[in-house]
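Heads up: the structure comes next, in structure tokens.
The values are calculated or read from the model by the stated rules, or taken from the named source; none is laboratory data. Computed from a predicted structure; not experimentally measured. Here the Cβ is made from the backbone with ideal geometry for all residues, glycine too, and neighbour counts use every protein chain on show. For the accessible areas, the whole protein counts, side chains as well, though only heavy atoms, and no ligand, DNA or RNA atoms are used. Shrake-Rupley method; radii C 1.70, N 1.55, O 1.52, S 1.80 Å.
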Amino acid sequence: MSAPGYPGPYNNPPYPMAQYGDQSVAPYPAPHGGYGDPHQTPPPGFNPGYNQGPPPVMYQPVPVLEYGAPPGAIAPAMAAAAPVGVPPGLEYLTQIDQILIHQKVELLEAFIGFETNNQYEIKNSLGQKIYNAKEKNDCCTRNCCGSLRSFNMKIKDTMDREVIRIIRPFRCVSCCFPCCLQEMEIQAPPGTTIGYIKQDWHPCLPKFSIQGPNKETLLKLDGPCFACNCCGDVNFELKGKDSDQPVGRISKQWSGLLKEVFTDSDNFGIQFPLDMDVKLKAVLMGACFLIDFMFFQKDS
């Protein structure tokens, strides 16, 4: 039995082909829902979507790795899209106006009173973790100097890259020694100073200056007369350099009676304007840690 042959010579088309501009030959009907005539006006209510901006980012963006790149490497396209003047790893701070800081519970410290390095989780308003912070110093400094101890604190992003370093030297907190008050240096990236927090002398009120890299005062931070939370939040108001109008706040949040009495696990909230310089936002994070050590850290 012979195989079926083609209906004609191999170089003849088996079906009629439509010529360009010829409307008389249409071998296949146009499918419904196709692109249609590009010169035709879209129907009412049609939204092409190409003039809309991107949706708001509600989580920290994760950089896309190039194929074959080592772990932790960032694709060049991702690095090129970073905002100008923003330290690497702080791009997400440009999109938020609130930060939550939760201190981890240290069981060894809670049961036997042995002072350990403080650890914190930094989250957005939805409770999603965006950074980790961990204190670094030696055992003798922690247990002998208490809450006045000096330390370096590393803040890392979700890819375990250090994006902020906080340096706190040993200082006094007594109002009788105005020349040796508390201060803290903020670096982002590590090695590049972006600001300072300096305690201002006052006989009874906790006052701080938020300073730039050249120690110029940019903002003020004022706390209450008694910085202790008894079944309520403690607010430190962020104000302009020459104004009493609040522009933000650092709040020590009430964590519950058992946690407040038996542990050092503290919860803080930081509010600031959305359009604030991202470097100042990072400095305010350092101010939150300084406030925690000065007023809410329990000595062993």
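Using 1/(1 + (r/R0)^6) with R0 = 25 angstrom and r between the beta carbons of Gln253 and Lys207, what's the FRET efficiency to the nearest 0.05? Don't skip to the answer; put the middle values down first.
Details: r = 21 Å, r/R0 = 0.86.
Plugging the Cβ-Cβ distance into 1/(1 + (r/R0)^6) gives 0.70.
Just the number, please: carbon plus sulfur as a percent of the accessible area of the range 123-185, 1.4 Å probe, no ligands or DNA/RNA counted.
On the way: 1690 of 3070 Å².
The computed percentage sits at 55.
I'd like to know which of Cys145, Asn214, Pro178 lies farthest towards the positive end of the charge dipole of the range 123-233, counting +1 on Cβ of Lys and Arg and -1 on Cβ of Asp and Glu.
Cys145
Between Ser125 and Phe226, 0.36 nm times their residue separation minus their Cα-Cα distance comes to what? Don't jump to the answer; show the numbers that get you there.
Values: separation 101, 0.36 × 101 = 36.36 nm, distance 2.76 nm.
Extending this stretch completely gives an extra 33.6 nm.
Starting from the Cα of Thr141, step 7 Å along the direction of its Cβ; do the same at Lys156; then give the gap between the two resulting points in nm.
So the label points at Thr141 and Lys156 sit 1.9 nm apart.
Can you work out the PRE-style zone for Lys104? Point 7 Å along Cα to Cβ, and I want the residues of the range 128-169 with backbone N under 16 Å.
129-137, 153-162
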